[in-house]
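None of the figures in this text is laboratory data; all of them are computed from the coordinates on show. The shown structure was predicted, so the numbers you read here are calculated from the model rather than taken from an experiment. Glycine gets a Cβ as well: all are built from the backbone with ideal geometry, and neighbour counts include every protein chain shown.
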Amino acid sequence: MVSRRPFKVEECTVGTGAACGAIYLDQGFETLLRNKFGEVGIQSLDNKRLAELVRHFDNQIKRQFNPFDSMAETEFEIPVSGIQDMPSIGLRDGYLMLTRLVYSFEADDRTDLQPVFDNIFNQVLRLVRDQIDTVRFQYSEKIKVEFLGSKN
């Protein structure tokens, strides 16, 4: 930390170069769709339609999703035009219903949005923890050296 007021920090360790973030959320959502539709249903989603669904996720769901707010949206409707209803996956009347979190003890393999976000949250958390550990190690060594040097 460089200063408290205004709050200012500077990099004190080299980044790992690991990538994570918004693009991986989009990829995770696309994977969710592929799993949800299955081999038969995914054939109905051409690349253009799949891109539209990911764009809707990017512009709407991703920005509203808040796993820590009990008052936040828990269900999300995604417009899916031109595909026959598939009630088993929540596709009815041109809308695919996804929920924030599904608790299910059935073997129907319902998928929800939380794992898409959890994966990225966990990646970011690992990167931050690794950087904190690196800083702690670097500065603990520096403090030891300065402490030992000041005794002489």
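Tabulated data
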{"read-out": "Long-range amide H partners of V80 with built H, under 5 Å", "value": "Y95, L96"}
{"read-out": "Per-residue HN-Hα couplings for segment 43-51 [Karplus 6.51, -1.76, 1.60; θ = phi - 60°; Hz; x = Gly/Pro]", "value": "5, 6, 9, 6, 4, 5, 5, 4, 5"}
{"read-out": "Most to least packed among 67-73, 37-43 [average Cβ atoms within 10 Å]", "value": "37-43, 67-73"}
{"read-out": "Phi-based couplings in Hz for segment 114-123 (Karplus 6.51, -1.76, 1.60; Gly and Pro marked x)", "value": "3, x, 4, 6, 4, 4, 6, 3, 5, 5"}
{"read-out": "Net charge of neighbours whose Cβ lies under 13 Å from the Cβ of Q64, counting Lys and Arg as +1 and Asp and Glu as -1", "value": "-2"}
